[in-house]
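Inspection log for the structure reproduced underneath, given as structure tokens.
The values are calculated or read from the model by the stated rules, or taken from the named source; none is laboratory data. Bear in mind the structure is a predicted one, so any value in this text is a computation, not a measurement. In this analysis, Cβ positions are derived from the backbone assuming ideal geometry, glycine residues included, and neighbour counts consider all displayed protein chains. Note: accessible area is taken over every heavy atom of the protein model, side chains too, but ligands, DNA and RNA are not part of it. Shrake-Rupley method; radii C 1.70, N 1.55, O 1.52, S 1.80 Å.
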Amino acid sequence: MNIQRRSFLRYISLAAAGSAAGIGPFGALNAFAQSGSSDYKALVCIQLDGGNDGNNLIVPSDSAGYQNYAKLRGPLSLAQGSLLPLNGLSYGLNGNLPGIQSLFNSGHAAVLANVGTLVAPTTRQQYLSGTAVTPHNLFSHIDQETLWQNSAQDVTGSTGWGGRIADLLQGGNSPAQYPVVTSVTGSHIFCNGYNTSYASVIPGNTGSVLCTEKSGCDTRLQAAQDLLTFNSGLTLVQADDTLTQNAYSYSKVLQDAVSSAQPISTVFPTGPVTSLAAQLQQIAQIIQVRSALGTGRQIFFATQTGYDLHADQVSLHPSLLQDMNAAISAFYQATVELGVSQQVTTFTTSDFGRALQPNSATGSDHAWGGHHIIVGGAVKGGKLYGTYPTLALGGPDDAGVNGRWIPTTSVAQYAATLASWFGVADANLNSVLPTLPNFETRNLGFI
């Protein structure tokens, strides 16, 4: 896949965040300036949009465990012979994830089992009796996605834990020329901070934000910038103009940085399933020019859509996993090429998991806890972290009778582990993750 630098830079915009009016103080943004040093780190969040079926991500591979799984999953079960062995584990990875398997077995990837939105540790008895404080509107896409991204007790907040990390890391450092947080997939609450804003970049030339590749772009860009100098006298309009001016400023910074960089030689896959590979390639390119941008810390947000498979999951889910596998594998190789594989950690999130028991349309319905993948040179890989649920309908981990797993690890614990590695002091974690004090274990140890 060849993304033209000029195309990419013409399609950059800056998303505002951090205030009730959606106007963030860009001028206040600072970041680690020591980007040329070994202290550089990046977090790359990949949202598997719609609710990935973790029950078919990692599966018991021993005889008894697999037979129980296959009996309960019915038509959704994977063939035992298709499972990819994981060194030292009695679990196998989905056969469409050979690249992830290779990273896992070489110690550069790990699996975190049964993680999800939790306010506090919750048992089946507490949940069924109504004595547990549960997340807002369980099993709802929009609400659970919001709670994954804001890691709060409810969905009313306007900031996310990625943005709040950026808030903390701005103090005491030289002003960067570019935001800490970048989304390559539009506007998401994960990126919003109280005092910082994020860049929103459209990979390649697949959209039309500022201009197209046709003639006249420079003239149109100049006209737009001239309009921004008009003083309307309206505070809100002038503030919005300031944001837009900063968007052009950041675009220029990025343009200068990228135009002087050599193309990344790692080959990223192309395909019609999703745009994840293009997003990760764009992230790799921005990481490549980190020194020119003045950022010693970077946080990225990407998405892969299509996981809400209430029907025909058997034919649709494999292609999504194949796409994810190829994109993440290429991205890891790009970090190796750039010499930052130890400094970049990629991790998955999702709205929720799926029910173990199939529905009548050969699909899976909304559930709660799910399994996730963490990749990077700093990851203590080759292990399964957390607690794999007991695969029993109505069993000790089931929120009902169809295999909706009550999470045994919270999003806050997952995020705290990543944030600690990223440089957030333990004393500051509670401000980033307000439900974290409810959990005894603050660091899961996977990195």
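Working only within the range 43-65, note down all residues that are in a helix (DSSP H, G or I) and over 16 Å from residue 144 (Cβ atoms).
Those that are in a helix (DSSP H, G or I) and over 16 Å from residue 144 (Cβ atoms): 55, 56, 63, 64, 65.
Taking the residues in the range 291-314 that are buried (at least 17 other Cβ atoms within 10 Å of the Cβ) and of a type in the set (Val, Ile, Thr) as candidates, determine which candidate is nearest to residue 277 (Cα to Cα).
Looking at residues that are buried (at least 17 other Cβ atoms within 10 Å of the Cβ) and of a type in the set (Val, Ile, Thr), I get 303.
So residue 319 passes all but one of these: (1) within 20 Å of residue 444 (Cα to Cα); (2) open to solvent by 10 Å² or more (accessible area, probe 1.4 Å). Which condition number does it fail?
Tallying (1) within 20 Å of residue 444 (Cα to Cα); (2) open to solvent by 10 Å² or more (accessible area, probe 1.4 Å), residue 319 fails exactly one: (1).
Would you please name the residue that is farthest from residue 371 (Cα to Cα), looking only at residues in the range 77-100 that are out of contact with any Pro (no Cβ under 9 Å at 6 or more places or on another chain) and outside any loop (DSSP other than H, G, I, E, B)?
Looking at the filtered set, the residue picked out is 81.
Scanning the range 382-403 for residues that are in contact with a Leu (Cβ under 7 Å, 6 or more places away or on another chain) and in a loop (DSSP other than H, G, I, E, B), which turns out most open to solvent (accessible area, probe 1.4 Å)?
Per the criteria, the residue is 401.
List the pairs whose first member sits in the range 314-326 and is more than 17 Å from residue 77 (Cα to Cα), whose second member is β-branched (Val, Ile, Thr) and modelled with pLDDT of 95 or more, and whose Cβ atoms are under 9 Å apart, counting only residues at least 6 apart or on separate chains?
324/46; 324/100; 324/348; 324/373; 325/100
May I ask you to list the residues in the range 122-140 that are of a type in the set (A, V, I, L, M, F, W, C) and either touching a Leu at 6+ places or on another chain (Cβ under 7 Å) or open to solvent by less than 70 Å² (accessible area, probe 1.4 Å) (or both)?
Within the range 122-140, 132, 138, 139 qualify.
Just to be sure I understand, how many residues within the range 132-168 are of a type in the set (Ser, Thr, Tyr), more than 16 Å from residue 115 (Cα to Cα) and at pLDDT 95 or above?
2
Please specify each residue of the range 307-342 satisfying the condition of being out of contact with any helix residue (DSSP H, G or I) (no Cβ under 8 Å at 6 or more places or on another chain) and not in a helix (DSSP H, G or I).
310, 311, 312, 339, 342
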